[in-house]
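The values are calculated or read from the model by the stated rules, or taken from the named source; none is laboratory data. What you see is a predicted model; the values in this text were computed from it and never measured. Every residue, glycine as well, gets a Cβ built from its backbone with ideal geometry; the counts of neighbours run over all protein chains shown. Ligands, DNA and RNA are excluded from the accessible area calculation, which covers all protein heavy atoms including side chains. Shrake-Rupley method; radii C 1.70, N 1.55, O 1.52, S 1.80 Å.
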Amino acid sequence: MGWILNQKIGMRLRYGFGIVVALVLVLGAIAIVEMNAEAGFTRDLHEHPLKVSNAVRDIRSEVIAIKRSVQDLLLAGSAGDIQAAIDEMDQREKTVTSLFQVLRERYLGDQREVQAAYQAFADWKLIRQEEIELVGKGQKAAAIEISNGKGDDQVDAIEARIAPISDFARAKAESFYRDAMRYRRHHLLAMSGLIVLIAGASIVTGTMITRSITDPIGQIIGEMGKVGGGNLGHKIRMDRADEIGHLARAFDAMTENLQKTTASRDELNAANQQLAANEQQLRAANHELKANAAELSFRNAELQSIVYTVSHDLKSPLVNIKGFSEELEVQGCKLIKHLSLVDLPETIRQDVMPLLEEEIPKSLHFIQASTVKMKGLLDGFLRVSKIRSAPIQKETLDMNALVKSVLATMQYQIETGGVTVTVDDLPPCMGDAGQINQVISNLVDNALKYRDQNRPGTIHISGRREGDCITFWVSDNGIGIDPRHQDRVFEMFHRLDPNCPVSGDGLGLTIASRILDRHQGRIRLESEPGKGSTFYISLPSDGGHSAAPTFTRGL
Ligand code: ADP
């Protein structure tokens, strides 16, 4: 039993089926042998006693028929009747001879009995021969006498010789039949025993194999119930080599993984909770940020308004300062003239005149220069402020026409500077005509202003549609911008070289950047000192109804 439990279930079932099939084959083989034996009895019965009995029966009837033919011979009136009776006799005689041949072959008793019977039949032939000759000679009475005498006696002798053969055959047939019946009984008993044996063996084998499968499965189901009840740490621990052992080990591994997964799930839940908390914090921070942005926007607008008001209001005191300082300058000149006519003590003259002729004009000059600078700054603030508050009227712009008009206004600088300007076919865009014109003008103006004097200037203007936005760019081969300053050029009043002889207030790019902000656009630059710069502006193709555009790298 032990060895079968170590086999795989498939192998066990194969063994079981193999045993049952082997038993059935044995039963079948025995049945075939038994049936053959039974058939042998029947065959023997048929081949010997029955055939012998039939032959004896036929000999008797043929002998009677020959006897009748002898009488026909004795009663025959014509030669034809005689011949017919003789022919009939010859025919019957041949039949009897062949029947005796059957007896010789089939008779299981003493063959001398057959020989004696045949001899009696052969002796009868000689008597009949004698009768035929007498009839042939016309001596019928003598022939009848022989027939009734010797002839009938010989017929009786034949009967006496074949009677034992017939009895023996009948007895033999009965004996065969008895043997067959006895054998059949034994055979039935043996077969029934075998069937019961095979059925028992099959039941035992089947039960053993079934139990070797169902018992451990029942055990596993019980153990699984414990795990199903929530005890994930419970192990089946079934040490078997078959599939059920594999199943138990796989289940143990699964519960172990499940335990780990549950632990991970708990961790995940904790992480999720943390994430939710963080998200809430983020949402709060975002909310706060939005509030701050709104506050900032409000403050910014307020600041802009203050800047605008202050810039505007400071202009009149500045005009006063400038006017009165110029007046003071004029009055100082007059005072110098008057004092030159007055006879002043030398010490006082030496103290006052340098003040009036040098110190005061110098101070007044500084005041005036500062007022000019301050006016420039205030104008700049006002210009930037105005851009912020100027209304925007967006429309579809024919950029080819717009650029053409910009270049026309700068034709003089282009020609005198010997600059070559090339323009690609430009896509249209949505924007405020005046403000976009201002941006393009500023970029072309800068490209002209900051050209490299050591080489002929070139400016190239191009543009293309890219997804949801349209990008234009102005490239030059000018002096370029140091990477350290590239971000700062968009700041207010920022000039790379404050002593640069080229005119400018450091506001052009600031204003361009503000205009693009208001169009939900962007501006950026790529530049290399000594090689040139390219300024890119990008505008939403639908005029800013979608998200703000992002620059594609490599443009
Ligand atoms: P500005 O009135 O000085 O031209 P911008 O705001 O237009 O003011 O430009 C700011 C500064 O950026 C300029 O002073 C210049 O130094 C630099 N800059 C602008 N465009 C170019 C350019 N195409 N090539 C080189 N430098 C430039």
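Size descriptor for the range 17-134, Kirkwood hydrodynamic radius: 17.7 Å (Cα pairs only, one decimal). Using +1 at the Cβ of each Lys and Arg and -1 at the Cβ of each Asp and Glu in the chain, identify which of L289, G151, Q411 lies farthest towards the dipole's positive end. Selected residue: L289. The charge dipole of the range 307-368, taken about its Cα centre with unit charges on the Cβ atoms of Lys, Arg (+1), Asp and Glu (-1) only, comes to about 240 debye. Annotation: peptides 110-118, 135-143, 496-504, ranked by per-residue average of other Cβ atoms within 10 Å with the highest first, follow the order 110-118, 135-143, 496-504. Relative to the longest principal axis of the Cα atoms of the chain, helix 152-228 runs at roughly 20 degrees.
Among 83-96, 188-201, sorting by the average number of other beta carbon atoms lying within 10 angstrom of each residue, highest first, gives 83-96, 188-201.
About the centre of its Cα atoms, the chain shows a dipole size close to 800 debye [charges on the beta carbon of Lys, Arg (+1) and Asp, Glu (-1) only; nearest 20 debye]. Computed per residue of the chain from DSSP H runs no shorter than four, each worth -39500 (n - 2.57), the mean residue ellipticity at 222 nm is -25000 deg cm²/dmol. Normalised size of the range 137-273, defined as Cα radius of gyration per 2.2 N^0.38 Å with N residues, equals 3.19.
When you count the other C-beta atoms within 10 angstrom of each residue and take the mean per peptide, 466-476, 394-404, 282-292 line up highest first as 466-476, 394-404, 282-292. With the charge dipole of the range 1-158 set up from +1 on Lys and Arg Cβ and -1 on Asp and Glu Cβ about the Cα centre, the Cα lying farthest toward the positive end among the listed residues L23, A76, G40 is that of L23.
Using a probe radius of 1.4 angstrom, the carbon and sulfur fraction of the accessible surface of the chain is 58%. The slack in the chain from E395 to I213, taken as 0.36 nm per residue of separation less the alpha-carbon distance, amounts to 56.9 nm. The range 79-104 and the range 332-348 have Cα centres spaced 205 Å apart.
If the label point is 7 Å along Cα→Cβ of R182, which residues in the range 38-59 have backbone nitrogen under 13 Å from it? Residues passing the 13 Å test: none. Taking 28 Å as the cut-off for C-alpha to C-alpha distance, list the pairs among K315/K362; K375/K449; K315/K404; K315/K394; K362/K386; K362/K449 that go past it. In this structure, K315/K404; K315/K394; K362/K386; K362/K449 lie more than 28 Å apart at Cα. Site pair D123 and E357 shows an inter-label distance of 21.1 nm when each label is modelled 7 Å from Cα along Cα→Cβ. Average accessible surface for the chain: 60 Å² per residue, computed with a 1.4 Å probe over protein heavy atoms with every protein chain in place. Between K386 and D452, the FRET efficiency from the beta-carbon distance, with R0 = 56 Å, is close to 0.95. Spin-label model, L282 to E145: label points 7 Å out along the Cα-to-beta-carbon direction sit 15.4 nm apart. Using Cα atoms only, what is the angle between the long axis of helix 51-75 and the major principal axis of the chain, expressed in degrees (0 to 90) to the nearest 10? With both axes taken from Cα atoms, the answer is about 40 degrees. Modelled this way, with points 7 Å down the Cα-to-C-beta line, the labels at R249 and F298 are 7.4 nm from one another.
Rounded to the nearest 10 degrees, the angle from helix 433-449 to the longest Cα principal axis of the chain is 70 degrees. In straight-distance terms, cross-link reach from K140 covers every one of the lysines whose alpha-carbon lies under 25 Å from its own, apart from those fewer than eight places away in the same chain; here that gives K67, K125, K150.
Computed about the Cα centre, the dipole magnitude for the range 3-88 is approximately 960 debye when only Lys and Arg (+1) and Asp and Glu (-1) carry charge, each at its Cβ.
Between N231 and E159, the contour length at 0.36 nm per residue exceeds the alpha carbon distance by 15.5 nm.
For the charge dipole of the range 77-219, defined by +1 on Lys and Arg C-beta atoms and -1 on Asp and Glu C-beta atoms about the Cα centroid, which residue among Q139, P164, Y107 has the Cα displaced farthest towards the positive pole? Farthest towards the positive pole: Y107.
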